[in-house]
Amino acid sequence: RTRRKETLMSVASVESDLDNLTLTVITDFDAPVEAVWELWADPQKLGLWWGPPNYSTTFEPYEMSVGAEMAHVFAGPNGEAEHGVWRIEAVDPPRSLELSDADVDDDGKPNDDFALTGIAMELSETDGGTRMTVRSMFFSRDGMEAMAEGFAEGLRLSLRRMDALLAEPASRAS
């Protein structure tokens, strides 16, 4: 199939709830649930979209099981690096994933309360595609206020990168 839709993904909604310290983004993809799940489950694919634009991300070790902790590094185009850690809280392939995410210092300790978030991702089938709901939970009001705008924009940019990966022929066949 050589014809391709110009926009395969649409952000259905972005909702910021300061009272409950959550930011929820709902996105619709023109791809099956399994293909969207693979972008989370395959560490190479995850590394191509998770993180700032023009950065690649590595996860070590990569294990998608409850209790697993994975260090991640965002590597920038000019040699800069940002470190973090994921802890898998719940996983139900290919439908949902819950994790905590923290930026860390050189010793692997969280930098501050602002950098700690919880993320719950859920996939559901739609007519001809997949709806992905990502709910980010912040652990303090100050942290949410400090991070929410940049976090939402970063997530939007990451979603565009996901969309590009899903549009590739190998992903479309999944």
Calculate how steeply helix 141-167 sits against the longest principal axis of the alpha-carbon atoms of the chain, using the helix alpha-carbon long axis, and give the answer as 0 to 90 degrees to the nearest 10.
-> 30
Compute the relative contact order of the chain as a whole-number percentage, counting only Cα pairs closer than 8 Å that sit 6 or more residues apart in sequence.
-> 24
The local net charge around Met121, scoring Lys/Arg +1 and Asp/Glu -1 for residues other than Met121 whose Cβ lies under 9 Å from its Cβ, equals -1
Lys and Arg at +1, Asp and Glu at -1: neighbours of Ile26 with Cβ under 9 Å from its Cβ sum to -1
Here the gain from full extension of Tyr55 to Glu80, 0.36 nm per residue of separation minus their alpha-carbon distance, amounts to 8.1 nm
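Quickly estimate the mean residue ellipticity at 222 nm for the chain, helices only: each DSSP H run with n ≥ 4 gives -39500 (n - 2.57), and the total goes over all residues, rounded to 500.
Working: 4 runs with 47 residues, N = 174.
-8500 deg cm²/dmol, from helical runs alone.
Roughly speaking, what is the stretch gain from Asp17 to Ala167, that is 0.36 nm per residue apart minus the C-alpha to C-alpha distance, in nm to one decimal? Spell out each step's value before the answer.
Values: separation 150, 0.36 × 150 = 54.00 nm, distance 3.20 nm.
Going from the current span to full extension adds 50.8 nm.
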Hits in the range 150-167: amide N under 14 Å from the 7 Å Cα→Cβ extension of Ser124, namely none
In the Gaussian network model of the chain, springs joining C-alpha atoms below 10 Å, which of Glu98, Glu60, Glu80 carries the largest mean-square fluctuation?
-> Glu80
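Please calculate how many Å² of accessible area the chain carries per residue, with a 1.4 Å probe and no DNA, RNA or ligand atoms counted.
54
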With P(r) over Cα pairs in 10 Å bins from 0, in percent defined as stated, name the option among (i) 10, 38, 39, 13, 1; (ii) 9, 30, 30, 14, 7, 5, 3, 1, 0; (iii) 11, 39, 35, 13, 2, 0 computed from the structure displayed.
-> (i)
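Once you mark the trypsin sites (Lys or Arg not before Pro) that are in a DSSP loop and have at most 13 other Cβ atoms within 10 Å, what is the longest gap between them in the chain?
By the stated rule (loop sites, at most 13 other Cβ atoms within 10 Å), 6-94.
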In the chain, what percent of the accessible surface is made up of carbon and sulfur (1.4 Å probe, ligands and nucleic acids excluded)?
-> 47
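The values are calculated or read from the model by the stated rules, or taken from the named source; none is laboratory data. These figures come from a predicted structure and were not determined experimentally. Here Cβ is always computed from backbone atoms with ideal geometry, including for glycine, and neighbour counts include all displayed protein chains. Just so you know, the surface numbers come from the protein's heavy atoms only, side chains and all, with ligands and any DNA or RNA stripped out. Shrake-Rupley method; radii C 1.70, N 1.55, O 1.52, S 1.80 Å.
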